[in-house]
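Coordinate-derived values only; no laboratory data. Note that the coordinates shown come from a computational prediction; the quantities given were computed from them, not determined experimentally. Here Cβ is always computed from backbone atoms with ideal geometry, including for glycine, and neighbour counts include all displayed protein chains.
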Amino acid sequence: MATYFAPASTGNFSVGFDLLGAAFTPIDGALLGDQLEIRAEQANTTLTISGRYRHQLPDETSDNLVLRCYQLFQQRIGRSLPGLELHLHKALPVGSGLGSSACSIVVACYAFNHYFGQPLSQQALLQLMAEAEGGVSGSVHYDNVAPSYLGGLQLMVPGSDALCRTLPWFDHWRVVLSYPGTVLSTKAARAAIPAQLDLTTSIQFAAGLSRFVSALYAEDEADALAALQDVVAEPARTLLMPELPVIRQALAELGVAHVGISGAGPTVFALCQTDAQAAAAAQYLVSHYGKNQDAMTHICRLSPNGAQVLKDENHAVS
């Protein structure tokens, strides 16, 4: 038996619509992401599912992303593989803005590639993940699959063979991720954004992303924080998340440096410069943003690792 894990991710990161993504892990050591077990080889591939957010998925598993990824993986390597007994532990809510579908895709593709001796290169596997994610969101983009697969803060570089590059980060930064317990469709959130941007907004977007990346490399924390302005998605998506201005004002009064929408929402992220700020932000969000029993809030750090092997009975795992 082998067990694999992929972490939650935040796409866009305010300043980089479709071009920035970050993987996060709770500071308390919890696994915030999806796990996939390959339990045995058998005649036909089967999938069972458990986990906190199992109830958000259809009871029928035959069309689950994990099984679709197994079909795509076999097509990509050009040969049939044995049936597998699979079990998915779903710890990310669906339609949350935490890269839930990307996480299932990443853990599945990574697991299959590792289990069968890595027939696909890192780049080829990342391309497969992005194509599978495109079938869910309606367009192929890498800002959730790349950080979930590779870890860290990733900048997408369209047109480059590299596909994405890892950016610097400030190790003391803490990110509070808060999911209210409600679902917001990625397709609906994307549909709210104008199909075209005017020249002024386009320049503002390019300038903000350039400033943020430059500030990270220059280790200029103040300038990096000042650059975090979403001029593309947030103006349109605030209509879908009317609580955001109130949350931002309240957290600013607590000294929080920046509040943004995680991916397509409804999860919000609060970027904090100290542990005390993060604790205060988390306490506020638990009290004022959670709407039901599905809500969750985690104080996180950047995850240096993406997809990984947690257990492999056939090989030692460090």
Quick check: the angle from helix 122-137's long axis to the longest principal axis of the chain, C-alpha only, nearest 10 degrees?
70 degrees
Under the 0.36 nm per residue contour assumption, what length would be gained going from the current alpha-carbon distance of residue 204 and residue 239 to full extension?
10.5 nm
What does the convex hull of the Cα atoms come to per residue for segment 174-301, in Å³?
108 Å³
C-alpha center-to-center spacing [segment 257-276, segment 45-78] in angstrom
30 Å
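Using 0.36 nm per residue of separation minus the Cα-Cα distance, give me the extension gain between residue 276 and residue 52 in nm, one decimal. Can you show the working numbers first?
Numbers: separation 224, 0.36 × 224 = 80.64 nm, distance 2.84 nm.
This chain segment gains 77.8 nm when fully extended.
Among 166, 238, rank each residue by its count of other Cβ atoms within 10 Å, from fewest to most, as a rough exposure measure.
Details: 166 14, 238 17.
Placing the least packed residue first, the sequence is 166, 238.
Based on Cβ point charges of +1 for Lys and Arg and -1 for Asp and Glu, what charge dipole magnitude is obtained for the chain about its Cα centre, in debye rounded to the nearest 20?
That gives the chain a dipole magnitude of about 380 debye.
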Using only the alpha-carbon atoms, what does the chain span along each of its principal axes? Please give whole angstrom values in decreasing order.
58, 43, 38
Which of 177, 254, 239, positive extreme of dipole for segment 174-301 (C-beta unit charges):
239
Taking the Cα centre as origin and putting +1 on Lys and Arg beta-carbons and -1 on Asp and Glu beta-carbons, what dipole magnitude results for segment 174-301, to the nearest 20 debye?
420 debye
Be a star and scan segment 252-285 for residues whose amide nitrogen sits under 14 Å from the point 7 Å along the Cα-to-Cβ vector of residue 188.
264-267
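For a quick check: sort 288, 258 by the number of other beta carbons within 10 angstrom, fewest at the front. Each step should come with its number before you reach the end.
Details: 288 14, 258 24.
Ascending number of Cβ neighbours within 10 Å: 288, 258.
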Once every DSSP H run of n ≥ 4 in the chain is given -39500 (n - 2.57) and the sum is divided by its residues, what mean residue ellipticity at 222 nm do you get, rounded to the nearest 500 deg cm²/dmol?
-10500 deg cm²/dmol
Crossing angle, helix 100-115 versus the chain [Cα axis fit, 0-90 degrees, rounded to tens]
40 degrees
Proxy reagent accessibility, fewest Cβ within 10 Å first, across 268, 286:
286, 268
